[in-house]
Amino acid sequence: MKRRTFLLGTASGFSVLALAACVAPVPVPTPSASPNTLTPSLVPQPLTVSRTNWSTDAFSRGSFSYAAVGATPEHRTALGQTVDARVFFAGEAVAVDEPGTVRGARASALLAASQVQDVAAPGERITIVGAGIAGITAARQLVDAGFNVVVIEARDRIGGRIDTVSGDWPFPIERGPSFLHGASDSFPNDELTALGVTLLPFVRTPEVRTRAGVVVEVSPLGAQAVAGALEWAADQQRDVSVERALVDSGEARLSNTPNAEGLSNADWLEYEIATRFKVETGATPSQQSAWYTTNIANADDDQIVVGGYSTLLTADAEGLELLLSSVVNRIAHDDRGVSLRLGTGESLSADRVIVTVPLGVLKDAAIEFSPALPFAHRGAIAALGMGVVDKIWLRFDVPFWDTAARLWTIVGEDADFPVWVNMMPLTGEPILMGLVAAENATRLSELDDEEFLAAALTALEPFLAVPDE
Ligand SMILES: Cc1cc2nc3c(=O)[nH]c(=O)nc-3n(C[C@H](O)[C@H](O)[C@H](O)COP(=O)(O)OP(=O)(O)OC[C@H]3O[C@@H](n4cnc5c(N)ncnc54)[C@H](O)[C@@H]3O)c2cc1C
């Protein structure tokens, strides 16, 4: 079933029909049906499956932050402000440069650790909430500087959103981040290489297929329309959503007339939104700021981690005082220090605290702050968005596909998993990683594992090898 994602405006708060009335011609929005998930697929059943559900994960409540309409980089700066020199913040959402990434999270932690060092006396007790990359980085920095540090982590493991799984898999699979952007001598590329973790070059040129399995050339029309809309938005008096920018700039006014392959110009805009925008931000175009949306330019020096991303944390975590399986639900401070209450009812005291929990946890007020956080912090927490991207990893007995392309995408249909990574040419193993993002991910988060798998296998049908005559 086709669906005009950017015209559906699921979270835009304004009438889609009203929007549609403003432009002509417009595709007629078709409400998305609940997926016919249990229809048996022609794609064979995999041997091993691993599915993520970051939006329902109590200690993440989403995948990474994004700039919602009206949010600015200053909101991230505001969230990173120290409260009374007692409560400090770090984590990907606080990073002004490269938010939503491992690199950004680490940079924010180094900054928070240096802010603590500026005000703390030698030997002070510093508590860090969260043992992801931000928490472990800040802890290492402060321990090495001579502070008495304890890290409190809700999960029974360190790493947070860096979530590597081995066991049933011939190589470690990544349920969180997989990709590295930027130069090989920049973090974390340099550290992973130094640790002997396998990184493989990943060229993001996709093989594009229609639902019927026909391989087609990517049309630049979708990317051009988005670029034009963002350029238009940059000249406006106030921020609008990417969806609004597409419509009001006229860039969304693309023909619906299908060509011989059954694809219209409008399909290529849908394609751009589904395979790049939503996957990079975890948000719909109606949610994203046209001024500050993530820069999704392709880089030709991208790499994919296949040797265990979590190795990154092992060395830094060595010797740290870690309290695992301990949920912090209240942080109180006064001019004498900080007191933290755990889910067990126990309390801990410290001189200062660095809070590195994900934005989703802060948005849901899963931790009570006493006194309440300053207005600027609360405003920033409300303004920034938490996107959702989920993954499914599938290991097959033998490949059911015959393409050697590494990146597979689907055009001309509302595939819940519009992007797939084929690990076969990279590792020799018939393993695929699928991505589902934004409102598709939120909808699929409610499915049980069997239904989720069925939706993934259905999305893979265009890649079934054509049997020999
Ligand atoms: C599917 C997916 C794909 C991604 N892809 C990429 C990519 O390709 N490249 C990239 O650079 N980045 C990617 N990211 C983003 C990257 O993973 C994050 O930006 C980064 O890992 C965040 O680190 P952090 O330390 O800020 O947060 P986290 O790793 O989430 O650490 C916060 C910690 O706080 C803990 N916590 C939460 N609540 C409590 C509580 N109440 N008490 C105690 N502890 C608590 C959590 O359990 C967690 O361990 C991806 C993320 C996801 C989910």
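The values are calculated or read from the model by the stated rules, or taken from the named source; none is laboratory data. Quick caveat, the model's predicted, so the values are computed rather than measured. Counting neighbours? That spans all protein chains shown, and the Cβs are built from the backbone with ideal geometry, glycine included. Areas reflect the complete protein model, heavy atoms only, side chains present, ligands, DNA and RNA absent. Shrake-Rupley method; radii C 1.70, N 1.55, O 1.52, S 1.80 Å.
Computed values, structure above
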read-out	value
In nm, spacing of pseudo-spin labels at residue 204 and residue 238 (7 Å Cα→C-beta vector)	3.2 nm
Percent RCO, i.e. relative contact order, over the chain, from Cα pairs under 8 Å lying at least 6 residues apart	27 percent
Region 347-469 shape via C-alpha gyration tensor axes, a/c threshold 1.5	prolate
Full-stretch length increase - residue 407, residue 190 - with 0.36 nm per residue and alpha-carbon distance subtracted	75.7 nm
Phi to ³J(HN,Hα) by Karplus 6.51 cos²θ - 1.76 cosθ + 1.60 over region 366-376, Hz, x for Gly, Pro	6, 10, 8, 9, 9, x, 4, 4, x, 4, 4
Mean-position separation - Cα centroids, region 41-90 and region 432-469, in angstrom	23 Å
Trypsin sites (Lys or Arg not before Pro) restricted to DSSP loop in region 306-375 with at most 11 other C-beta within 10 Å	336
Among 59, 107, 46 the positive-end extreme of the charge dipole of the chain (Cβ point charges)	59
Under 5 Å, built H, 5+ apart or other chain: amide partners of residue 240	290, 291
Accessible area of the chain belonging to carbon and sulfur atoms, whole % at 1.4 Å probe	52 percent
Of 382, 411, 434, farthest towards positive along the dipole that unit charges on Lys, Arg, Asp, Glu beta carbons give region 328-469	382
√(5λ) per eigenvalue of the Cα gyration tensor, region 399-445, largest first, Å	23, 12, 8
For the chain, convex hull volume per residue from C-alpha positions, Å³	147 Å³
Among 362, 457, 186 - extreme Cα towards positive end, dipole of the chain, charges at beta-carbon	362
Calculated over region 325-380: convex hull of Cα atoms, volume per residue (Å³)	90 Å³
Mean-position separation - Cα centroids, region 256-282 and region 125-144, in angstrom	43 Å
Probe 1.4 Å, accessible area per residue of the chain, Å²	41 Å²
Two-site FRET efficiency, residue 446 against residue 217, from Cβ-Cβ distance with R₀ of 45 Å, rounded to 0.05	0.80
Nearest-0.05 FRET efficiency for residue 117 and residue 97, computed from C-beta distance (R0 22 Å)	0.60
Cleavage-rule hits, trypsin sites (Lys or Arg not before Pro), region 234-324, DSSP coil, Cβ neighbours within 10 Å at most 10	238
Magnitude of the charge dipole, the chain, Cβ model with Lys/Arg +1 and Asp/Glu -1, debye to 20	1000 debye
Dipole magnitude of region 235-388 about its Cα centre (Cβ charges: Lys, Arg +1; Asp, Glu -1), debye to nearest 20	660 debye
Residues listed by number, region 48-81, amide nitrogen under 19 Å from residue 382 label point at 7 Å toward C-beta	66-81
At most 11 other Cβ within 10 Å, DSSP loop - GluC sites (Glu not before Pro), region 197-247	217
